[in-house]
Amino acid sequence: MCRHLGWLGEPTTVAALVLDPPQGLLVQSYAPRRQKNGLMNADGWGAGFFDGATPRRWRSAAPLWGDVSFASVAPALRSHCVVAAVRSATIGMPIEPSASAPFSDGHWLLSHNGVVDRAVLPPSAAAESTVDSALLAALIFDRGLDALGDTVAEVGGADPNARLNVLAANGSRLLATTWGDTLSVLRRPDGVAVASEPYDDDPAWQEVPDRHLVAVEAGEITLTALRGHR
Ligand code: GLN
């Protein structure tokens, strides 16, 4: 079970979101606090951000804590919209940079915490890797992000053992689902953070109930129960 983080708000640096917080993704890569599956997230990481309307990514198959180049450059990467993740590979899945989130279709950045039986997902020539998360991302991109909640509910119906926490952003919208794992939201004066687990002990973090869709747009946060769970 990986850990992910999204930001939509005023421009801030990738380092301020990922590396600097006391319990940020860097610390979560070796000492997550709420992770239910897996002990640590050492199988790779990815940092995606919007440069105007263009999504840009830096991904790796190595542990985040050992990447001194990223630590050096991340304070200079500034964006209003960020999607980042650290990865604990599911058994049998490839460990390669293209298997690390965020995945992209050129418009959205998308991360998946969880696992899904690849047999319930359609084959896709657009998938970036053979990892389950890349196939799931390809399906979500194909169906369109407006259908994210319905796609997650459908896949969850087809694979009762699936865990489907998805986080996606396109520069003006940030969407996330809960399906089997933890997620918290923090409203700050300068924007909204959504994360698998709080990156600090701010009492304003709110836990999202399971089987919900979180949507952040124009400073508004909406929570909707997923289809079949209303
Ligand atoms: N199944 C995905 C992978 O192998 C995600 C794993 C996770 O959430 N830990 O990368």
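The values are calculated or read from the model by the stated rules, or taken from the named source; none is laboratory data. Values in this document were obtained by computation on a predicted structure and should not be read as measured data. Don't worry about glycine lacking a Cβ; one is built from the backbone with ideal geometry, like all the others, and counts go over all protein chains shown.
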Scanning for something within 15 Å of the ligand (Cβ to nearest atom), farther than 24 Å from ASP210 by Cβ and of a type in the set (A, V, I, L, M, F, W, C), does the range 93-109 turn up at least one residue? yes
Taking the criterion of being more than 16 Å from the ligand (Cβ to nearest atom), closer than 23 Å to ALA176 by Cα and surrounded by fewer than 18 Cβ atoms within 10 Å (Cβ to Cβ), would at least one residue in the range 35-44 satisfy it? no
Suppose we keep only residues that are within 25 Å of THR178 (Cα to Cα) and away from the ligand (no atom under 11 Å from the Cβ) within the range 46-55. Which one would you say is surrounded by the fewest Cβ atoms within 10 Å (Cβ to Cβ)? PHE50
Filter the range 76-98 down to the residues that are surrounded by fewer than 24 Cβ atoms within 10 Å (Cβ to Cβ) and aliphatic (A, V, I, L, M) and list them by number. ALA76, LEU77, ALA89, ILE91, MET93, ILE95
Among strands (runs of 3 or more DSSP E) completely within the range 140-230, the ones holding 1 or more residues that are under 18 Å from CYS2 (Cβ atoms), among the basic types (Lys, Arg) and modelled with pLDDT of 95 or more are 163-169
Using the structure shown, decide if TRP7 is of a type in the set (Phe, Trp, Tyr) and within 16 Å of the ligand (Cβ to nearest atom). no
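Looking for whichever is surrounded by fewer than 20 Cβ atoms within 10 Å (Cβ to Cβ), touching a Ser or Thr at 6+ places or on another chain (Cβ under 6 Å) and among the basic types (Lys, Arg) here; the options are ARG143, ARG173, ARG188. Which one fits? Show your work before the answer.
Working: ARG173 fails: touching a Ser or Thr at 6+ places or on another chain (Cβ under 6 Å); ARG188 fails: touching a Ser or Thr at 6+ places or on another chain (Cβ under 6 Å).
Residue meeting the stated conditions: ARG143.
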